[in-house]
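This report refers to the structure that appears directly beneath it.
The values are calculated or read from the model by the stated rules, or taken from the named source; none is laboratory data. Bear in mind the structure is a predicted one, so any value in this text is a computation, not a measurement. So basically every Cβ, Gly included, is an ideal-geometry build from the backbone, and we count neighbours across all protein chains shown.
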Amino acid sequence: MLELGPIAFLSPLALAGLLVLPAIWLLLRLTPPAPRRFVFPPVRLLRKLASVEETAVRTPWWMILLRLALAVAVILGAAHPLLFAPAALQGSGPLVLFVDDGWAAAARWPARADFLARQIDQAERQGRPVMIETTARRDGQARVPVLESPAEARRRAAALRPRPWETDRAAALERLARAAAAANMAGAQVIWVSDGLDDGAVDDTVRALRALGPLTMAMAAAGAAPVVLMPPHGEGAVLKVTALRVPAPGVRRVWIQALDEQGQPIAREGLDFAADTAEGKLDLELPSQLRNRAALLRVEDQATAGGVVLLDERWRRRPVGISAAEGGGAAQPLLSETYYLDRALQPFTEVLRGSVADLIARGVTVLALTDSYNLEGPARGELAAWVEGGGVLLRFAGPRLAREAAQGEDPLLPVLLRRGDRSLGGSLSWGQPAALAPFPDASPFAGLDPPEDVRVRQQILAQPTLELAERTWARLRDGTPLVTARARGDGWVVLVHTTANTAWSNLAISGLFVDMLRRVVALSHGVSGAAKGPPLAPQQTLDAFGDLGPPPPEALPIAAADFADTRVGPSHPPGVYGTAADRRALNLSASLQAPRAIVDLPPAVAVTGLVAAPELDFRPWLLVAALVLALVDTLASLALRGHLRARTAGPAALGLLLVLAVPAPAPAQGAPERSVPPAPGVAPPPGLPPPAAQPAGEDFLRAASLTTRLAYVVTGDPVIDDASRAGLFGLSGLINRRTAIELGEPMGIDPESQDLSLFPLLYWPVTADQPPPTALAAERINEFMRNSGVLLVDSRQRGGEGTDLALARMERLLDVPPLVPVTGEHVLSRSFYLLKSYPGRWAGGQVWITRPDALVNDGVSPIVVGGNDWAGAWAVDRNHRPLFAVVPGGERQRELAYRFGVNLVMYALTGNYKADQVHLPAIIERLGR
Amino acid sequence: MAASRSEDRDRAGLRHQAEALASTLPALLVAADRVASTVSQGVHGRRRVGQGETFWQFRRYQAGDSVQDIDWRQSAKSQPVYVRETEWEAAQSVWLWRDGSPSMDFRSAAGLPLKRGRADLLLLALASLLVRGGERVALLGQDRTPRAGRAALNHLAASLEAASSPTASLPPRVALPRFARVVLFGDFLSTLDEIGDAVRTLTGTGLRGHLVQVLDPAEESLPYDGRAVFEGVEGDGDLLLGRVETVREDYRRLVAERHAALSDLARSVQWTFTTHHTDRPPEAVLLSLYLALAEGGKLTR
């Protein structure tokens, strides 16, 4: 290989052919093209003129130049020049590829794979063996790398995939050292294909790798390091999302997506990193219904497991219901019990109010009952059943409970209560208001620190029983219970032995109250008892690109008790563990440190990018050029000898052009050309109905609403738009003649900017190549359909081809309910005419409507999808002559197309009114026959 | 053998072709101011009494007249006896010649006829017309006496195709009867002096004639390009031209000058000169010859 700057010659020996060029030049100069011979009787006359023109004995200079260029092209082509050929490897021994394949490598994985393939190609060209070692953490006995032939190495490299966990470069280096000891590594060249993240031991890694041979480090540009999305924590209605990045000078915005379990996007918000910071924060505010559907958060456009956070029950919001006596506290809201509860619950959960029955019906999981609430009658039974079913009932004591405490067991109280209250530090007592004792370890409140200044002045005492101690979650200093709880069925009954307002204690205005409520509400998440239970088996795991998939065979179940401390690794890839009922998310980012970029490498380490300029092979181009030159030369010499005249020169030049037009072998892969299918409608001939003036603003509203009009979506393609306009023009005219409907001239509508609600029917020609509607347009069309408009979607392809495509596009963009083929019983087949088929310009395509459902929109399908190019069949010119032929043809088909149009407009205007009315006698008659 | 059979076919074909060509025109009666003083019976009335078929006059019967000459119908109208006399009718003789030199064996493209072929065709067609008009034709340089009728045509065709047909570039200097007509077909590529001599020799005997130059279109336009060698056919040698297109204009001018000179020559002896290209239909030149010979369309059937 010979390199001249960016150009390298793979077969430089062929360049010696250039030495022959002078000889070719001489030969060409001396050999003029042979003359043609003609018999010509009047040669005597010619002879008189012969002295006029000196005969050229030498070949013209441009001909010599042409032929020399031809020779040069052939010689250079034989030398096989490459532009931007990759630099030759250093050394002469094996090539060692040290590849980071942890989670961060997924970010540029295709580039990495290309890079590896290029290096292996180079090694193959130079005939050197290759050793590949990867750095992702491995469990158990890992394979020690060996020297392989480039072909084997290529297979191994092609099979490499990034792993959704961290790298363990030290272990990889150790394996590499063992392998190096066993193999002949003289003259080795080491390439570290790095993910660019500093694990704190980069210096050691570099030292160890340089011990093997000269080290080149390949990594992506510094700014390309992936963003790590940390597991969020919920605060009230807000999910606090934190993302970490490699600190970089610029401001950066990444988009965070929330997806549900089906992968449908729920929310998308921008998260900003300030300049020079590593941490970006985002408050993701979601309605609790949406938030409870969220299954994962991910950083948009970043395919790494580090940018994905799986969400489980811990991030769900459970609404808390508060039931208070009707009108209770309304007079003095600041003293009411519900006010304090509301304020304490509001930061972390959603609060609903209402009667018990109402709240249970709304699906609350925690129900707080204040003392003043009169719990009587059927509500008691209902509440008991709800607790058995998993609800958490939080009750507060107060004068009413003190008065009414039953003597017997009450299913809605955790313990037996003494009637009457106990007052501490009142005017009639010697005691002082009591402070809280530290929380017992078994209590859900364990770990909270009761502040000294919380004092309870009044409480209700429990009957001392054997179970009292274990049912007590919080005590006062004197050992009397403050909070007692009892599991009932799947739920809990919790009683706070004092009021929820400040009447009996100042607990309600302490921060502790909020924390205690949080713990109680957390009970409903079913998390507190999760430390026990069967091992959690992997359900779905993330791959390094952040996509959920079936777990790999190496993934092992995790003991429930260890789940919280489990680090992501080969045995425990990030993913969803447990059962469908008890879903636990194991997130990679929880076990990651903040990413740091590799900087300050020793100067002896060469650093290169992953993406090289694509190698450009000139050989095919040169050979094609030589061929073209040869053709030109042939033509030129023919012309010189007079063989070419105008009559023959034409075809010859045409042939040459054809040869030139044959696409030369393209070494660079271009974007695949998208063949645009010709629009099925020919360009409409002149004489179209004149376009209605398109008024704007109020004029538009007036024009659209004073007369009933059909409308079509303007696609921007003049051919299609003209056909749509002419089609609706023709249909409107026919409907005016045949039915009682009086339609105005159709209008073209841009759904993005104009109000659709004024039109009963919107015709939308959809072609494969037109851009999808914008989100705003799609929303407006959705709204149009929701508000009883009928959308006719026409893919305009013969035989309904492309209907599937149109359907797919519709479903992606619009809120389309499930579609079914229209049946003979449908109203569409008898809303005016009795129809069996729905041909347009084409016949036979399937027509789709939404599944008839009487509950929605009266059973009227808001969308009719097909591909028969109805507008083409309806289209007429100003003289009401059809514009396009119908296929397979016949005026019968056009008439049927018009009838379909009449039925459709009738359907759009009258809904299912005609479903069983008009044609009943005829139908009965037919049935009888 | 195969070659000669196909030649036979060609000869027969040529004659048929000529007849077909001639059949598009009415029979040609050569305008004759002064009919050649031959004794041949013909169609040209001499405005005097003599042998003929056309009625000329009645005259009184004189002694010595044959009784069979008496026109009884006329005589019955009056007293005298009348004899019916006819006009003396003589035939004009036309001498035809065509250039048989090798230069006539030329065509520039496969689709075109040879110049000789076209000249033969024109000659025979003209002869056919003349014969149908009752005139007498002869091949200049070969025949002693003009002949009439189909036999003359056959004889003419045979003579043209015979191996011994004249191969000279110019008509031979032979004595012709006075006031005969001459039609010369050829390419007239000889020098102007030679052509002038030949023509003046013929006019010396009071003949009137027509020159028909038959040329290949390539000889007129020189449509060649580039480097070419031109080979002469009559000992003219070869000529190499580097770029033919550069001399084309000069050549065309030269050819045009030559046409003008030939035309002048013809006019000076009251002859006519026509140029015919082999890529043109022969009818055109035949028609112009027809008109020239009939001089003002005194056509008789």
Open item on the list: Scan segment A:477-500 and tell me whether some residue there is β-branched (Val, Ile, Thr), in a strand (DSSP E or B), over 18 Å from A:Leu448 (Cα atoms) and touching a residue at least 24 places away in the same chain (Cβ under 8 Å).
Closed with: yes
- [ ] Mind telling me which of the residues A:Pro440, A:Pro411, A:Pro451 ends up being in a loop (DSSP other than H, G, I, E, B), surrounded by fewer than 18 Cβ atoms within 10 Å (Cβ to Cβ) and free of Cβ contacts under 8 Å to residues at least 40 places away in the same chain?
- [x] A:Pro440
Task: Selection within segment A:222-281 - assigned to a strand (DSSP E or B), acidic (Asp, Glu) and within 23 Å of the chain's Cα centre (by Cα) - done: A:Asp260, A:Glu269, A:Asp272
Open item on the list: Can you tell me which condition A:Pro570 does not meet? The list is (1) surrounded by fewer than 20 Cβ atoms within 10 Å (Cβ to Cβ); (2) in contact (Cβ under 8 Å) with a residue 24 or more places away in the chain; (3) not in a loop (DSSP other than H, G, I, E, B), and all the others hold.
Closed with: (3)
TODO: Mind counting the residues in segment B:76-102 that are over 30 Å from B:Gly209 (Cα atoms) and touching a residue at least 12 places away in the same chain (Cβ under 8 Å)?
DONE: 7
TODO: Consider only pairs whose beta carbons are under 9 Å apart and that are at least six residues apart or on different chains; among these, list those whose first residue lies in segment B:227-254 and is more than 7 Å from chain A (Cβ to nearest Cβ) and whose second residue is among the hydroxyl-bearing types (Ser, Thr, Tyr).
DONE: B:Glu234/B:Ser101; B:Glu234/B:Ser103; B:Glu234/B:Ser169; B:Glu245/B:Tyr224; B:Arg248/B:Ser221; B:Arg248/B:Tyr224; B:Arg252/B:Ser221
Open item on the list: Conditions first: (1) surrounded by fewer than 17 Cβ atoms within 10 Å (Cβ to Cβ); (2) in contact (Cβ under 8 Å) with a residue 24 or more places away in the chain; (3) over 30 Å from A:Val39 (Cβ atoms); (4) out of contact with any Gly (no Cβ under 7 Å at 6 or more places or on another chain). B:Asp105 passes all but one, so which condition is the exception?
Closed with: (3)
- [ ] Please determine, by comparing only the residues of segment A:893-920 that are at pLDDT below 75 and in a helix (DSSP H, G or I), which one is farthest from the chain's Cα centre (by Cα).
- [x] A:Leu920
- [ ] Can you confirm whether segment B:269-283 contains a residue that is facing chain A (nearest Cβ under 7 Å) and under 18 Å from B:Glu194 (Cα atoms)?
- [x] no
- [ ] Using the structure shown, decide if A:Ala580 is outside the structural domain of A:Asp100 (by TED's automatic domain parsing) and surrounded by fewer than 13 Cβ atoms within 10 Å (Cβ to Cβ).
- [x] yes
TODO: Check whether at least one residue in segment B:260-270 is surrounded by fewer than 16 Cβ atoms within 10 Å (Cβ to Cβ), hydroxyl-bearing (Ser, Thr, Tyr) and under 14 Å from A:Leu46 (Cα atoms), and report yes or no.
DONE: no
Open item on the list: On the basis of being farther than 20 Å from A:Pro602 by Cβ and of a type in the set (Val, Ile, Thr), does A:Val193 make the cut?
Closed with: no
Task: Within segment A:77-180, strands (runs of 3 or more DSSP E) holding 1 or more residues that are of a type in the set (S, T, N, Q) and more than 30 Å from A:Pro620 (Cα to Cα) - done: A:130-134
Open item on the list: Kindly evaluate B:Ser159 against the criterion of being touching a Leu at 6+ places or on another chain (Cβ under 9 Å), buried (at least 16 other Cβ atoms within 10 Å of the Cβ) and within 14 Å of chain A (Cβ to nearest Cβ).
Closed with: no
Task: Pairs with Cβ under 9 Å, 6+ apart, first in segment A:33-47 and within 7 Å of another protein chain (Cβ to nearest Cβ) and surrounded by fewer than 22 Cβ atoms within 10 Å (Cβ to Cβ), second part of a loop (DSSP other than H, G, I, E, B) and among the basic types (Lys, Arg) - done: A:Pro33/A:Arg641; A:Pro33/B:Arg227; A:Pro35/A:Arg641; A:Pro35/B:Arg227; A:Arg36/A:Arg641; A:Arg36/B:Arg227
TODO: Have a look at B:Ser103, B:Ser128 and point out the one that is more than 30 Å from B:Glu231 (Cβ to Cβ), assigned by TED's automatic domain parsing to the domain that holds B:Ser221, in a helix (DSSP H, G or I) and among the polar types (S, T, N, Q).
DONE: B:Ser128
Task: Residue satisfying all of: in segment A:129-160; among the charged types (D, E, K, R) and in contact (Cβ under 8 Å) with a residue 40 or more places away in the chain; surrounded by the most Cβ atoms within 10 Å (Cβ to Cβ) among these - done: A:Glu133
TODO: Hey, could you check segment A:294-318 for residues that are part of a loop (DSSP other than H, G, I, E, B) and closer than 13 Å to A:Asn587 by Cα and say which is modelled with the lowest pLDDT?
DONE: A:Asp312
Task: Top-ranked residue in segment A:454-463 [being part of a strand (DSSP E or B) and out of contact with any helix residue (DSSP H, G or I) (no Cβ under 8 Å at 6 or more places or on another chain); ranked as surrounded by the most Cβ atoms within 10 Å (Cβ to Cβ)] - done: A:Gln459
TODO: Search segment A:263-280 for residues that are under 11 Å from A:Ala248 (Cβ atoms) and pair each with any residue that is of a type in the set (D, E, K, R) when their beta-carbon atoms are under 8 Å apart and the residues are at least 6 apart or on different chains.
DONE: A:Phe273/A:Arg245; A:Phe273/A:Arg252; A:Phe273/A:Arg253; A:Phe273/A:Glu279; A:Ala278/A:Arg245
Open item on the list: Go through (1) acidic (Asp, Glu); (2) in contact with a Phe, Trp or Tyr (Cβ under 8 Å, 6 or more places away or on another chain); (3) assigned by TED's automatic domain parsing to the domain that holds B:Leu156; (4) modelled with pLDDT of 70 or more for B:Glu19 and report which single condition fails.
Closed with: (2)
Task: Among the candidates A:Ala267, A:Ala220, residue that is in contact with a strand residue (DSSP E or B) (Cβ under 9 Å, 6 or more places away or on another chain) and among the small types (Gly, Ala, Ser) - done: A:Ala267
Open item on the list: What's the total number of residues in segment B:184-201 that are away from chain A (no Cβ under 11 Å) and touching a Phe, Trp or Tyr at 6+ places or on another chain (Cβ under 9 Å)?
Closed with: 5
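To keep it simple, each residue is scored yes or no on (1) modelled with pLDDT under 80; (2) among the polar types (S, T, N, Q); (3) part of a strand (DSSP E or B); (4) in contact with a Gly (Cβ under 9 Å, 6 or more places away or on another chain).
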site	(1), (2), (3), (4)
A:Ser837	no, yes, no, yes
A:Ser861	no, yes, no, no
A:Asn868	no, yes, no, yes
A:Ala873	no, no, no, yes
TODO: Would you check if B:Gly209 is in contact with a helix residue (DSSP H, G or I) (Cβ under 9 Å, 6 or more places away or on another chain), small (Gly, Ala, Ser) and either over 22 Å from B:Val94 (Cβ atoms) or within 14 Å of chain A (Cβ to nearest Cβ) (or both)?
DONE: no
Task: Conditions (1) more than 28 Å from the chain's Cα centre (by Cα); (2) within 14 Å of chain A (Cβ to nearest Cβ); (3) aliphatic (A, V, I, L, M); number of the one not met by B:Ala109 - done: (1)
Open item on the list: Please go through segment A:618-635 and give me each residue that is small (Gly, Ala, Ser) and within 48 Å of the chain's Cα centre (by Cα), ordered by number.
Closed with: A:Ala625
